[in-house]
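*Asks:* One structure coming up, written as structure tokens, with questions to follow.
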Amino acid sequence: MNFSNPGIFRLTFFALAAMLSASMVLTPTVRAETGSDDLTDLSLEDLMKVVVVSASKFAQTSTQAPSAVQVLTAEDIRLHGWRTLAEALGSLPGLYASNDRAFGFLGARGFMVPGDYNMRFLLLLDGQPLNDNLYGQANLGHEFRVDMSLIDRIEYVPGPGSSIYGSNAMFGVVNVMTRSAANLPRLSISTRLQGDGWREFDLKSAHRGEGNGPDLVFSLSRANKTGRDLYYPDAIGIATSDGSASRDGLAHGLDSMTVTRAFAGLKLDGFALSAWAAQRDVHPSSALFNGNFDDGRLHLIDSSYGVTSAYQRAIDDQLNLHVRLAYQKITYQGDTPYLDPTIGSYVNRDEAVGTWLSGEARLLYIGFQGHKLVTGIDFQSDLEALQKNADLNVAVNTPFSTDTKVRRYGVYFQDEWNFSPDWHLNAGLRSDSYSSGKSQISPRLGLIWNPSDRATLKLLAGQAYRSPNAYEANYARAPFYLASTGLQPETIRTLEAVAEYRLEAAQEIGASVFDYQLNHLIRQIDIGTGQLQYQNEPAVSVRGLEIFHRLRNKNGLNLMSSMAFNHSHDAAGRALSNSPRWVAKLRLRQPVWQDNLLAAVEMNALGPRTIAWRDSRSHLGVQSQVNLALTATRLRSGLELQLRLVNLFDTKIVYPASNETGVPTLPVDGRQWQLGLNYAF
């Protein structure tokens with residue numbers, strides 16, 4: 001299908017809406033209600049009634065949410081063996097994951113900038129925003145705050161979400177919800193081994209209070225990965241630690257990593273308190289930040305700490321109050337080895353400390369017939385936004401230090417108006433004000449039709465934004481990195497039509513047609529003589545189609561497949577770099593020996609795309625990967641064993657690299673085995 005012609009796109013948009021509307025009218029109305037929060041407990045007849053909370057900041061069925069919400073459960077994570085958020089989210093329609101051997105990245109709807117740290121997604125933990133105050137980063141790799149086994153569900157809300165969330169919610173909101181004491185064993189111990197040298201140990205404990213007693217959850221995990229050799233074909237001939245050119249393209253003994261995470265949570269009578277601490281230490285092999293290749297002195301250490309509290313209370317039958325307050329801190333230290341023609345090899349150190357307070361108070365009012373009104377105020381205030389840079393033991397570059405604090409206040413209002421038994425109008429508006437004097441308005445409209453329990457049609461429009469972060473605006477390291485304090489916020493305008501229809505025989509199909517334009521895109525460019533600076537660029541546009549099919553039968557078969565098609569172009573009419581023409585997904589689970597052994601297969605494939613690196617553009621062909629996980633659940637009471645094969649067919653895969661990486665593409669590991677063991681007391 002050709003989405004390059006605007007007329008064809010508009011015709012497809014309205015034809016899809018008309019055809020699905022007609023099929024809905026002919027469908028008998030059969031109402032069904034469900035109170036289950038676990039998708040694995042639902043029949044397919046009730047799947048369209050799954051309750052989500054992330055789209056509108058209150059509980060609503062997925063059919064009423066102003067977005068094509070996707071949900072992943074703890075069961076999905078456990079049986080597929082996903083080890084990072086990026087890996088899990090990469091199984092959803094239209095999303096594609098990558099990494100640079102240090103951080104995990106996610107692309108959506110034909111847009112991904114290598115090395116952008118997921119700044120255009122808003123990441124939440126139990127509703128609390130996590131994007132930091134220095135880089136605006138959404139941590140989706142092993143740098144995420146909690147272990148994957150502690151996640152109860154992931155809600156992904158695609159499309160613009162700034163109307164209730166503010167900055168960063170451009171391509172979607174990811175809300176990670178932790179497990180409660182009610183669905184955790186009293187004590188569990190797990191371990192995981194991988195063929196690449198990964199060793200992991202995890203301890204979880206839960207206490208469910210009786211009567212009005214508190215629910216307590218505690219988790220502690222530690223993982224370590226030894227260094228290995230890795231072949232970079234494009235690295236032959238580039239400089240190594242002693243100034244000589246690499247003759248074999250091998251990075252020796254790198255990609256070692258240590259990850260430590262701790263989490264504690266308490267819930268009591270509408271009050272919730274949680275705290276986390278996470279630290280990661282990694283020696284990536286990818287020669288990041290234009291450093292030397294095959295140099296073990298490239299060393300990154302990052303940490304995150306946080307305490308968040310929330311209180312929810314029904315003031316009366318029509319009014320509900322929700323208040324939250326959080327303190328968060330991140331630290332970063334990055335040592336990068338370079339070569340200087342005068343003094344030879346040296347190490348440059350980046351340091352960053354970000355500390356901030358944030359809070360929110362909101363009201364949900366249902367006193368007007370047919371309306372659900374949400375209004376709230378929130379704030380974020382920096383306590384520390386320190387960025388430093390200096391050379392170690394030499395003086396090649398001028399030392400740099402800045403601490404530029406920002407305050408933000410936001411107010412929002414949203415109304416879900418059920419003006420007819422089958423029709424809903426969701427309208428929202430938000431205003432954000434910054435201490436710099438800048439402000440931003442973010443609207444959203446959603447018209448939703450549910451003519452029967454079998455069908456849903458949504459027409460959506462919204463605008464979202466992302467403010468320049470402290471790194472983009474203020475980081476300067478003469479003569480190579482220049483500050484850019486005059487940056488304008490990025491904005492995105494999105495139009496979308498969503499249709500979902502449940503067939504007989506426990507099946508569901510859905511489609512989404514979208515069109516978005518991203519203005520004032522912030523990109524780091526080379527302004528000449530090797531100097532890099534973040535600047536606003538002209539608008540880019542993408543049109544696309546996403547289709548999915550879901551099947552779940554009584555024999556335990558659970559299947560999810562999807563196809564996404566994208567047509568992108570920049571202001572010059574060229575296809576965006578790293579924008580695959582199509583993205584295909586298949587996710588399947590099936591018992592193979594009663595309920596004692598379950599098989600989970602996952603296939604991800606990306607169509608051809610253009611990749612841009614520095615001043616060159618090249619073509620990257622179709623890439624695909626198949627993963628297989630076998631889980632034995634009843635070896636003995638409380639014992640579970642899983643064998644997972646990642647990249648089952650050992651296909652050759654590469655990820656596009658950023659301009660600050662010494663090579664244009666980064667190799668992905670071949671076939672890897674993972675062995676996991678969990679014992680619940």
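Quick note: the coordinates plus some simple rules give every number you see, no bench work behind them. Worth saying up front: this structure is predicted, and the values here are computed from it rather than measured. In this analysis, Cβ positions are derived from the backbone assuming ideal geometry, glycine residues included, and neighbour counts consider all displayed protein chains.
*Asks:* Using 0.36 nm per residue, how much length does the chain from Ile236 to Trp593 gain when fully extended, once their Cα-Cα distance is taken away? Please report the intermediate quantities before stating the final value.
*Replies:* Working: separation 357, 0.36 × 357 = 128.52 nm, distance 4.93 nm.
Fully extending the segment from Ile236 to Trp593 adds 123.6 nm.
*Asks:* Sorted from fewest to most neighbouring beta carbons within 10 Å, what does the list Phe201, Phe548 look like? It would help to have the intermediate numbers written out before the result.
*Replies:* Details: Phe201 13, Phe548 21.
With the sparsest Cβ surroundings first, the list reads Phe201, Phe548.
*Asks:* Sticking with this one: With each pseudo-label sitting 7 Å past Cα toward Cβ, what's the Thr331-Arg297 distance in nm, one decimal?
*Replies:* 2.3 nm
*Asks:* In whole Hz, with x marking every Gly and Pro, tabulate ³J(HN,Hα) for the range 444-456 from phi via Karplus 6.51 cos²θ - 1.76 cosθ + 1.60, θ = phi - 60°.
*Replies:* 8, 10, x, 9, 10, 10, 10, x, 7, 5, 8, 9, 9
*Asks:* In straight Cα distance, which lysines are under 19 Å from Lys585, not counting same-chain residues fewer than 8 positions off?
*Replies:* Correct list for Lys585: Lys652.
*Asks:* Same structure, new question: Just to verify a number: FRET efficiency for Arg222 and Tyr365, C-beta to C-beta distance, R0 = 60 Å, to 0.05?
*Replies:* On the way: r = 46 Å, r/R0 = 0.77.
Efficiency, from the Cβ-Cβ distance: 0.85.
*Asks:* Still on this structure: Give me Ser541, Ser435, Ser512 ranked fewest to most by other Cβ atoms within 10 Å of their Cβ, as a rough exposure proxy. Walk me through the numbers on the way to the answer.
*Replies:* Details: Ser541 18, Ser435 12, Ser512 25.
With the sparsest Cβ surroundings first, the list reads Ser435, Ser541, Ser512.
*Asks:* Under 10 Å from the Cβ of Ser562, count the other residues' Cβ atoms, weight Lys and Arg +1, Asp and Glu -1, and hand me the total. Walk me through the numbers on the way to the answer.
*Replies:* On the way: positive: Arg550, Lys585, Arg587; negative: Glu546.
Spelling it out: positives minus negatives among the neighbours equals +2.
*Asks:* Near the amide H of His142, under 5 Å away, which other amide H atoms are found, from residues 5 or more places off or on another chain, if H is placed in the peptide plane?
*Replies:* For His142, the qualifying residues are Gly104.
*Asks:* Can you tell me the equivalent ellipsoid semi-axes for the range 6-680? Use √(5λ) from the Cα gyration tensor, largest first, whole Å. Before the final figure, lay out each step's value.
*Replies:* Numbers: eigenvalues 290, 172, 145 Å².
Semi-axes, largest first: 38, 29, 27 Å.
*Asks:* What angle, in degrees between 0 and 90 and rounded to the nearest 10, separates the Cα long axis of helix 6-25 from the longest principal axis of the Cα atoms of the chain?
*Replies:* That works out to roughly 30 degrees.
*Asks:* In terms of modelled amide H atoms, which long-range or inter-chain residues lie less than 5 Å from the amide H of Gln488?
*Replies:* For Gln488, whose amide H was placed from the backbone, the distant partners under 5 Å are Asn536.
*Asks:* Give me the extension gain from Ile189 to Phe649: residue separation times 0.36 nm, minus the current Cα-Cα distance, reported in nm with one decimal.
*Replies:* On the way: separation 460, 0.36 × 460 = 165.60 nm, distance 3.13 nm.
Using 0.36 nm per residue and subtracting the Cα-Cα distance, I get 162.5 nm.
*Asks:* Something else: When the label point is put 7 Å from the Cα of Ala539 along its Cα-to-beta-carbon vector, which residues of the range 135-179 have a backbone N closer than 20 Å?
*Replies:* From the range 135-179, the list is 159-163, 168-172.
*Asks:* A further question on this structure: Describe numerically, in nm with one decimal, the distance between label points set 7 Å from Cα along Cα→Cβ at Thr260 and at Ala478.
*Replies:* The modelled label-to-label distance comes out at 4.0 nm.
*Asks:* In terms of Cα to Cα distance under 19 Å, which lysines are near enough to Lys204, apart from those fewer than 8 places away along the same chain?
*Replies:* In chain and number order, the partners are Lys267.
*Asks:* Here's something else I'd like to know. Could you work out how much longer the chain between Ala314 and Ile343 gets when fully extended? Use 0.36 nm per residue separation minus the Cα distance between them, nm to one decimal. Present the calculation step by step, with values, prior to reporting the outcome.
*Replies:* Values: separation 29, 0.36 × 29 = 10.44 nm, distance 6.76 nm.
Extra length available between Ala314 and Ile343 comes to 3.7 nm.
*Asks:* I need the phi-derived Karplus couplings for the range 669-681: 6.51 cos²θ - 1.76 cosθ + 1.60, θ = phi - 60°, integer Hz, Gly and Pro marked x.
*Replies:* For the range 669-681, the Karplus-derived couplings read 4, x, 4, 10, 9, 10, 10, x, 9, 10, 10, 10, 8 Hz, x marking Gly and Pro.
*Asks:* Based on the Cβ-Cβ distance from Lys438 to Arg634, what FRET efficiency comes out when R0 is 45 Å, to the nearest 0.05? All intermediate terms of the calculation are to be shown ahead of the outcome.
*Replies:* Working: r = 59 Å, r/R0 = 1.31.
Plugging the Cβ-Cβ distance into 1/(1 + (r/R0)^6) gives 0.15.
*Asks:* From the phi angles alone, apply the Karplus equation (6.51, -1.76, 1.60; θ = phi - 60°) to the range 509-522 and give each ³J(HN,Hα) in whole Hz, x where the residue is Gly or Pro.
*Replies:* 10, x, 8, 9, 10, 9, 9, 9, 10, 9, 9, 6, 3, 8
*Asks:* Fewest first, what order do Phe105, Phe413 take by the number of other Cβ atoms within 10 Å? If you can, show how the numbers build up before the last one.
*Replies:* Numbers: Phe105 26, Phe413 15.
Least crowded to most crowded, the residues run Phe413, Phe105.
*Asks:* Sort the following peptides by mean Cβ neighbour count (other Cβ atoms within 10 Å, averaged over residues), highest first: 593-601, 191-199, 664-672.
*Replies:* On the way: 593-601: 14.4, 191-199: 16.1, 664-672: 17.9.
Ranking the peptides 593-601, 191-199, 664-672 by packing returns 664-672, 191-199, 593-601.
*Asks:* Just how far, in whole angstrom, is the range 384-409 from the range 542-568 if you go by their alpha carbon centroids?
*Replies:* Each part reduced to its Cα centre gives a spacing of 46 Å.
*Asks:* Can you give the FRET efficiency for Arg247 and Asn290, using 1/(1 + (r/R0)^6), R0 = 22 Å, r = Cβ-Cβ distance, to the nearest 0.05? Before the final figure, lay out each step's value.
*Replies:* Details: r = 21 Å, r/R0 = 0.94.
Given R0 = 22 Å and the Cβ-Cβ separation, E is 0.60.
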